[in-house]
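The values are calculated or read from the model by the stated rules, or taken from the named source; none is laboratory data. Owing to the predicted nature of the structure, the values given are computational and were not obtained by experimental measurement. For neighbour counting, all protein chains shown are included, and Cβ atoms are generated from backbone atoms with ideal geometry for every residue, glycine included. Heavy atoms of the whole protein, side chains included, go into the accessibility calculation; ligands, DNA and RNA do not. Shrake-Rupley method; radii C 1.70, N 1.55, O 1.52, S 1.80 Å.
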Amino acid sequence: RLQDLLRSSGCAGYADYDGTTLTDNDALGYELVLVYTVNDMVGLEVGYGYCETELDVAGSITDKVDSYYFQAPITLAPGVVITPEIGVTDWRESGQEKTTYFGATWRIAF
């Protein structure tokens, strides 16, 4: 999900300790998710997340990332759901790429 993607992009807010020096990492992040149920079979979900981190080291720059996605969970039968998703992750700094992805998950509850 979105928070996992942000965490994997370096926006977890962790400090670094190399045995002698503690380097603080200032981080700010938020996530907004809207969900709408069309009917018993189809739902819609859209989400946006933002993260900004900066190591407290001379010469370090602020790293920013935007991520947004759209999902449409479809209930095929009770306990059987397929969820297609399309999304974009945009590492906004120079030299970092923008990634567009598409996928789907299946969930079967017995």
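For the reader, a short list of remarks on this structure follows.
- Counting only heavy atoms of the protein chains and using a 1.4 Å probe, F70 has close to 90 Å² of accessible surface.
- Averaging Cα coordinates gives a centre for segment 91-110 and one for segment 27-51; these two points are 14 Å apart.
- A simple spin-label model places the labels of D90 and Y30 1.7 nm from each other, with each point 7 Å out along Cα-to-Cβ.
- Mean accessible surface per residue for segment 48-110, computed with a 1.4 Å probe while every protein chain stays in place, in Å²: 63 Å²
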